[in-house]
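Working notes for the structure below.
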Amino acid sequence: MDTLTAIRTRYSARQFLPGKPVPRELIEQIIDAGQRAPTARNVQPWEFVVVTDPAMRRSIAELAEYGRFIAQAPVCVVVLCKDTKYYLEDGCAAVENILLAATALGVQSCWVAGDKKAYAPEIVQMVGAPDTHKLIALVPLGYAAAPGRQPARRELSQVLHWERF
């Protein structure tokens, strides 16, 4: 799938097929896309923890109030960044690459917030990361239980401005 098709067709999946794992090779390709994101000053502050253990995913899901469905997904990628000047920008670029790569490979995903959430420090500790790292996002990966589609977007003419707002 080409990049523009992935952008146009990506959607947030919150229900996953039980018992259908994501192959390790695909997970590695998805994470590789994440670590190839642009980064300020080439700092590359990111770290990725792939959680496949069902008990650990349930624990994460219990903490993430808008991510209860993480327990259903066969994979949860915990995206972390060292606390650098542009950690949030760099980390968000990595997450977007992960979402698009997953779509291109036929895997569904969802961005679950991390950085400013009260549960962030607990999840950082849960996955064994140093407390010098910030939780950027939780990204469940799997195969959707039902087909989805991207929600309607505003028309380009409503958001595009030339020269001035």
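The values are calculated or read from the model by the stated rules, or taken from the named source; none is laboratory data. Just so you know, these numbers come straight off a predicted model, no measurement behind them. Cβ placement follows ideal geometry from the backbone for every residue including glycine, while neighbour counts extend to all protein chains displayed. Heavy atoms of the whole protein, side chains included, go into the accessibility calculation; ligands, DNA and RNA do not. Shrake-Rupley method; radii C 1.70, N 1.55, O 1.52, S 1.80 Å.
Counting C-alpha atoms alone, how compact is segment 2-64: give Rg to one decimal and Dmax as a whole number, in angstrom.
14.8, 42
Leaving out ligands, DNA and RNA, what percent of the accessible area of segment 10-165 is carbon and sulfur, probe 1.4 Å? Could you put the intermediate results ahead of the total?
Working: 4600 of 8890 Å².
Answer for segment 10-165 is 52 percent, counting heavy atoms of protein chains only.
Modelled label-to-label distance, Q29 and A152, 7 Å Cα→beta-carbon offset: nm?
Distance between label points: 3.5 nm.
Per residue, how much accessible area does segment 47-165 have with a 1.4 Å probe, in Å²?
55 Å²
What lysines sit close enough to K134 to cross-link, taking a C-alpha to C-alpha distance under 22 Å and skipping anything fewer than 8 places away on the same chain?
Candidates past the 8-residue exclusion: K82, K85, K116, K117.
Just flag the chymotrypsin sites (Phe, Trp or Tyr not before Pro) in segment 1-77 sitting in loop per DSSP whose Cβ has no more than 16 other Cβ atoms within 10 Å.
When the chymotrypsin sites (Phe, Trp or Tyr not before Pro) of segment 1-77 are filtered for loop state and at most 16 Cβ neighbours within 10 Å, Y11, Y66 remain.
So what are the ³J(HN,Hα) numbers for segment 23-33, from phi and the Karplus equation (6.51, -1.76, 1.60; θ = phi - 60°), rounded to whole Hz, Gly and Pro as x?
Coupling constants for segment 23-33: x, 3, 4, 5, 4, 5, 5, 5, 5, 4, 4 Hz.
Looking at segment 35-106 from every direction and averaging, what is the projected area of its Cα convex hull in nm²? Spell out each step's value before the answer.
Values: hull surface 21.2 nm².
Dividing the Cα hull surface by four gives the mean projection, 5.3 nm².
Just to confirm the filter: which GluC sites (Glu not before Pro) across segment 1-72 are DSSP coil and have at most 12 other Cβ within 10 angstrom of their Cβ?
Answer in residue order: E65.
Would you calculate a helix-derived [θ] at 222 nm for the chain, using -39,500 (n - 2.57) for each DSSP H run of n ≥ 4 and dividing by the full residue count, to the nearest 500?
Numbers: 6 runs with 58 residues, N = 165.
It comes out at -10000 deg cm²/dmol, rounded to the nearest 500.
Stick to the Cα atoms of the chain, pair each with every other, and give me the Kirkwood hydrodynamic radius in Å at one decimal.
16.4 Å
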